[in-house]
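Everything below concerns the one structure shown next.
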Amino acid sequence: MSKSKHHAQQLQNTTLYATDTETGKSLKSLWPQIRELLSKRRKTGEKRLARPLTRETASALFIKASTIDSIPARIRTTLGIRRRSGLYDWVLEELNNHAEAQKRTTLVPKLLGYGLVRQRSGLVTEVFLNYENLADWLDGFDWLQQNPSQANSFAEACLELITQLNQSGIYHLDLWAGNVMIHEGNLEDLKVIDLENCYIGDNPHSSETLGFQFAFLYQHQLHDFISESLYDQLVSTQLARLKGIEQSRFRLFYDHFKHHGADRKERHLIPKTGQLERLKPAH
């Protein structure tokens, strides 16, 4: 989301960026609420917050804010420098990934703008992202807890959702039930959130990536609602609809990650290299 191409408002030590002039005016009108939220977060010591912002004349916006504590992280964020792993710090990853994803699909909420808070030296100390608020939506984990008998249908819908995103070149690497939003209980109306762990673009290792994604969906919470054997059947049905998947590579990652986690760096190695150290064959 290039700063030069978006409406900017300077407010004290904070710069607000918006997708257009009208949205910029709306964000500026919400600045007192944003400032109050940031102030409260600093006092309580919270490093992140995520909540809706209300306004009188229109629907609420959703704000996600994060403090940047270390000097190296502040320098990287200010200058837009990647970490040694090749990734940006999470808030820049989410900003860049979401801005690109919404160009490719409607399966994500709209990113309306963002703000940078700077100290006197000019280093960025806080970043907040402003999204459309999904007021009539419920995250999938909460929905599952209320509707455990529909876990099979939920799993099928999520497998299809992952497939649709991948076909748009969006490989969500943290897609568990809580990052799927359901509109008024309609499993045909889903969106995904939290795109900081995401790979976007041409993927030379789509089979390995899909194996991880399908496994991660099950391993992270969904296994509490559906048996492994039944989930395997749903996965097999979904795979039968897809072309170009290398079954052996898919199975290697799927079978492993159904019962093992992966940190942020390890996940991003999958679409980039198709390998993890722990999965390399012994010589």
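The values are calculated or read from the model by the stated rules, or taken from the named source; none is laboratory data. Since the model is a prediction, treat every value here as computed from it, not as a measurement. For neighbour counting, all protein chains shown are included, and Cβ atoms are generated from backbone atoms with ideal geometry for every residue, glycine included. Calculation scope for accessible area: heavy atoms of the full protein, side chains included, ligands and nucleic acids excluded. Shrake-Rupley method; radii C 1.70, N 1.55, O 1.52, S 1.80 Å.
Points to keep in mind about this one:
- Residues with amide H under 5 Å from that of ASP89, placed H, sequence gap 5 or more: ARG83
- Relative contact order, whole percent, for the range 113-153 stands at 27, derived from Cα pairs under 8 Å and 6 or more residues apart.
- Ligands, DNA and RNA are left out, and with a 1.4 angstrom probe the accessible area of the range 173-272 is 43 Å² per residue.
- Probe 1.4 Å, protein heavy atoms only - accessible area per residue of the range 1-160 in square angstrom: 52 Å²
- Using the Cβ-Cβ distance between LEU123 and HIS223 with R0 set to 51 Å, the FRET efficiency from 1/(1 + (r/R0)^6) comes to roughly 0.75.
- When the helices of the chain are scored as -39500 (n - 2.57) per DSSP H run of n ≥ 4 and the total is divided over every residue, the value at 222 nm lands at -13000 deg cm²/dmol.
- Spin-label model distance (nm) - ASP232 vs ARG35, 7 Å beyond Cα toward Cβ: 6.0 nm
- Structure-derived Rg and Dmax of the Cα atoms in Å - corresponding label in [x] 17.2, 53; [y] 18.3, 58; [z] 19.9, 66: [z]
- Applying 0.36 nm per residue to the separation of ARG264 and ASN13 and subtracting their alpha-carbon distance, the gain on full extension is 87.2 nm.
- Relative contact order for the chain, counting Cα pairs under 8 Å that sit 6 or more residues apart, in percent: 15 percent
- With 0.36 nm allotted per residue and the present C-alpha distance subtracted, the ASP142-ARG48 stretch has 31.8 nm of extension available.
- Across the chain, the longest run free of exposed loop sites, meaning GluC sites (Glu not before Pro) lying outside DSSP classes H, G, I, E and B with no more than 11 other Cβ atoms within 10 Å, spans 57-183.
- For the chain, with all protein chains in place and a probe radius of 1.4 Å, 47% of the accessible heavy-atom surface sits on carbon or sulfur.
- Restraint check, LYS191/LYS258; LYS110/LYS265; LYS103/LYS272, Cα-Cα greater than 25 Å: LYS110/LYS265
- The slack in the chain from LEU242 to THR21, taken as 0.36 nm per residue of separation less the alpha-carbon distance, amounts to 75.3 nm.
- Amide hydrogen proximity for LEU112: with H placed 1.01 Å from N in the peptide plane, the residues at 5 or more positions away or on another chain lying under 5 Å are ASN130, TYR131, GLU132.
- DSSP-loop trypsin sites (Lys or Arg not before Pro) across the range 171-268, with at most 15 other Cβ within 10 angstrom: ARG241, LYS243
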